[in-house]
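**Student:** Next up is a structure, given as structure tokens.
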Amino acid sequence: MNGGRAGRGGQESVDERYTKWKSLIPVLYDWLANHNLTWPSLSCRQVQACSWTDGSVPNTLVIANCEIVKPRVAAAEYISQFNEEARSPFVKKFKTIIHPGEVNRIRELPQNSKIVATHTDRPDVFIWDVDIQPNRHAVLGATESRPDLVLTGHQDNAEFALAMCPTEPFVLSGGKDKLVVLWSIHDHISTLAAESGSTKSPGSGGTKPLDTPSIQARGTFQGHEDTVEDVQFCPSSVQEFCSVGDDSCLILWDARTGSNPVIKVEKAHDADLHCVDWNPHDVNLILTGSADNSVRMFDRRKLTSGGFGSPIHIFEGHNAAVLCVQWSPDRSSVFGSSAEDGILNIWDQEKIGKRQDNAGSKAPNSPPGLFFRHSGHRDKVVDFHWDTCDPWTIVSVSDDGESTGGGGTLQIWRMIDLIHRPEDEVLAELDKFKSHIQECAA
């Protein structure tokens, strides 16, 4: 089911698509909050957002509390009556951190979501304990907040590729130096006493905030021939991880075997790769997204080094470069993808090849596996995140500068459960209202 056009036919304008989507909110959504951002944002997590500015105010990392309404409580008419230029009453800013440089990526530590890593326009990775960081006022001339830890090891800017290990406090990063770098936050405990107060970050060519402790990498991995755009840990192993880059390569690594690739797929896509995710329920499945507008699913048991990639399926439902992919924390076959076309698609790979027996259960020309399309953003959806506590709630953020001249839009939303629940279950529930519907139609 679609919050916009799922087919590949005639193109409609952004405004037409958005107007159509907004009229369908009461039908498609159980809950939705729309929050206008003054400045563009490139990343979000549940719920942390970042913004980078024109220099008139500092760049910030914002921590907010969000009131998520329980399923089947919000009035359908109410959630569709929002002002695009306003801030949602459900999103309340809790703390502001003045970030050194623009914030390109945010990732939280799964073992402790208060520990956050950020990527900026520098070689170093910053670690923040958002609980103990003081709340700051983002005014011109304000001094930058001081990270709790700085991770050094990159030789050039590392702007987007960033991941936290789901099982242990390890951090993974990639950058313009074509390197994949691994750290353990535990190393901070053993090196803190030895800190000499040096203001130089080894290999960075820049400075880190005074008195901020730093640690060097556990390992540096070489195999890409261009910028590394995204990295991800294997859900079951701190030693295994993967990376993708502008060289169109998907690389699998194992820190136990050294710094060289275990498997290198030379032609995973037909263009630059922007994103990768590893299935938390089935460690054999890996998703990639690319500037060729497609999402590809690989089975690592079927990968071989060299030559062309061999995806087990190609998902084609975007009209522009795919920027983010993420598996659902709740369903092993479900994942989302967002792109520069302003669309966030929800897919179920188990639906591929299954016969659609009921007329109208699949939109005409809908790509195989696509079952929901979120069209609430009017420009490129740069990041999104599934809520692990409420698995069908998603937070997404768009950079709206090019289309509206504004900053960005943060949305927290949940599709109506009639869309994703088992079909027989839904039909049984709807059957209870059959007589009522017939009376209304009479």
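Coordinate-derived values only; no laboratory data. Here the structure is a predicted model, which is why all the values come from computation and not from measurement. Note: ideal-geometry Cβ built from the backbone for every residue, glycine included; neighbour counts use all protein chains shown.
**Student:** Grab the Cα-Cα distance for Asp417 and Ser113, subtract it from 0.36 nm times how many residues apart they are, and report the gain in nm with one decimal.
**Tutor:** This chain segment gains 106.7 nm when fully extended.
**Student:** Here's a follow-up. Can you pull the one-decimal nm distance between simple spin-label points at Arg301 and Val139, each 7 Å off the Cα toward Cβ?
**Tutor:** Inter-label distance under the simple model: 6.2 nm.
**Student:** Stretch Ile312-Lys20 to full length: gain in nm at 0.36 nm per residue minus the Cα-Cα span?
**Tutor:** Length gained between Ile312 and Lys20: 101.7 nm.
**Student:** Also: Treating cross-link reach as a plain straight distance, find the aspartates and glutamates whose alpha-carbon is under 20 Å from the alpha-carbon of Lys22, omitting any fewer than eight places away in the same chain.
**Tutor:** Within the straight-line limit of under 20 Å, Lys22 reaches these aspartates and glutamates: Glu12, Asp30, Glu77, Glu84, Glu85, Glu340, Asp341, Asp379, Asp399, Asp400, Asp417.
**Student:** For the stretch 413-430, list residues with backbone N below 19 Å from a point placed 7 Å from the Cα of Gln81 toward its Cβ?
**Tutor:** Within reach of a label on Gln81: no residues.
**Student:** Starting from the Cα of Thr388, step 7 Å along the direction of its Cβ; do the same at Thr38; then give the gap between the two resulting points in nm.
**Tutor:** About 3.2 nm, to one decimal.
**Student:** Students often check this: by mean Cβ neighbours within 10 Å, which of 15-28, 92-105, 149-162 ranks highest, and how do the rest follow?
**Tutor:** 149-162, 92-105, 15-28
**Student:** May I ask you to order 411-417, 284-290, 296-302 by the average number of other C-beta atoms within 10 Å around their residues, highest value first?
**Tutor:** 284-290, 411-417, 296-302
**Student:** Still on this structure, please answer the following. So which GluC sites (Glu not before Pro) in the stretch 210-307 are both in a DSSP loop and have at most 15 other Cβ atoms within 10 Å of their Cβ?
**Tutor:** Glu225, Glu266
**Student:** Among the aspartates and glutamates, select those whose C-alpha is under 16 Å from the C-alpha of Lys114, and discard any that sit fewer than 8 residues away in the same chain.
**Tutor:** Filter leaves Asp129, Asp131, Asp148, Glu168, Asp387.
**Student:** If each of Gln216 and Ala271 carries a label point 7 Å out from its Cα toward its Cβ, how far apart are those two points in nm?
**Tutor:** 4.1
**Student:** With 5 Å bins from zero, work out the P(r) of the stretch 212-253 over every alpha carbon pair and list the percent per bin.
**Tutor:** It works out to 5, 20, 26, 20, 16, 9, 3, 0, in whole percents.
**Student:** Determine the gain in length on full extension of the stretch Arg331-Val426; use 0.36 nm per residue of separation and subtract their C-alpha separation, reporting nm with one decimal.
**Tutor:** Extra length available between Arg331 and Val426 comes to 32.4 nm.
**Student:** Same structure again: Under 14 Å from a point 7 Å along the Cα-to-Cβ line of Ser237: which residues of the stretch 248-276 have their amide N that close?
**Tutor:** 252-264
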